[in-house]
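Contents: one structure, followed by commentary.
We did not get these values from a lab; they are worked out from the coordinates using the rules stated. Just so we're clear, the structure is a prediction, and the values are computed from it rather than from any experiment. Cβ placement follows ideal geometry from the backbone for every residue including glycine, while neighbour counts extend to all protein chains displayed.
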Amino acid sequence: MLEKTGVPTEQDLAGVIPPRERLARGPVAVIECFQRIPCNPCYTACKQGAIREFADINDPPVIDFDRCNGCALCVSKCPGLAIFVVDETYSADRALVKLPYEFLPVPARGQEVDLLNREGRVVGRGRVERVQNAKVQDRTLIIWVAVPKELSMEVRNIKVGDCQ
Ligand code: SF4
Ligand code: SF4
């Protein structure tokens, strides 16, 4: 399915979603990169040594969840927009998802937005908590969006207004 639609299967995702006990300890990266491509900016961006050095640059990345602190430095560096940070400790009923964003319009902090799953389908509503847009990110913004906790592993994009 991934090759035909670009949407990973449950089996693909099972190999990259952090274990429950790590999710319960705070923000952590979820790297949804499944294809063999010559690429490694995620590795060079990570200051924590959480992404293992690539033996072969075509290999998919391997993350050490215990080293990852959820800083999201890797999120804007990934040309495939394949890295997300999920914090299931954000509040009693909300998780925080930090996601890469290259669309217009750019949402504002506090704005309510549609939450999209990996297929681009609306699955709920969320609130933008922060918009990171530093020069070093080179126009790949990082949107921090608070989502219903049960959607933390579903929400992978947002829709702002009617403009996308
Ligand atoms: S979120 Fe930060 S610590 Fe975790 S893999 Fe990415 S760059 Fe490394
Ligand atoms: S930077 Fe992104 S696309 Fe490239 S290997 Fe890392 S996760 Fe995959």
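First obtain the Kirkwood hydrodynamic radius of the chain from its Cα pairs, then insert it into the Stokes-Einstein equation at 4 °C and 1.567 mPa s, and state the resulting D in µm² per second as a whole number.
81 µm²/s
GNM on the chain, C-alpha springs below 10 Å: top fluctuator among 115, 23, 96?
23
Once the piece of chain linking residue 119 and residue 5 is laid out straight, how much longer is it, given 0.36 nm per residue of separation minus the C-alpha distance between them?
Result: 40.2 nm gained on full extension.
For the pair residue 112 and residue 35, how long in nm is the line joining their label points, each one 7 Å along Cα→Cβ?
3.7 nm
Just in segment 47-153: which trypsin sites (Lys or Arg not before Pro) are loop by DSSP and have at most 13 other Cβ atoms within 10 Å?
Sites meeting the loop and neighbour criteria: 47, 67, 109, 121, 139.
How many nm separate the modelled label positions at residue 103 and residue 67, each set 7 Å beyond the Cα in the direction of the Cβ?
3.4 nm
Please name whichever of 117, 143, 107 sits farthest to the positive end of the charge dipole of segment 2-159, dipole taken about the Cα centre and charges placed at Cβ: Lys and Arg +1, Asp and Glu -1.
The one lying farthest along the dipole's positive direction is 107.
Please report the net charge: other residues with Cβ closer than 12 Å to the Cβ of residue 21, K and R +1, D and E -1.
Summing Lys and Arg as +1 and Asp and Glu as -1 gives +1.
For segment 8-91, which GluC sites (Glu not before Pro) pass both filters: DSSP loop (anything but H, G, I, E, B) and at most 10 other C-beta atoms within 10 Å? Walk me through the intermediate numbers first.
Values: sites: 10, 21, 32, 53, 88; in loops: 32, 53, 88.
Filter output for segment 8-91: 53.
State the extension gain, in nm to one decimal, for the chain segment bounded by residue 134 and residue 52, taking 0.36 nm per residue of separation less the distance between their alpha-carbons.
This chain segment gains 26.9 nm when fully extended.
Quick check for me: using +1 on Lys/Arg Cβ and -1 on Asp/Glu Cβ, what's the dipole size of segment 2-159 about its Cα centre, in debye to the nearest 20? Can you show the working numbers first?
Numbers: 22 positive and 21 negative charges, 104 e Å.
Taking the Cα centre of segment 2-159 as origin, the dipole is about 500 debye.
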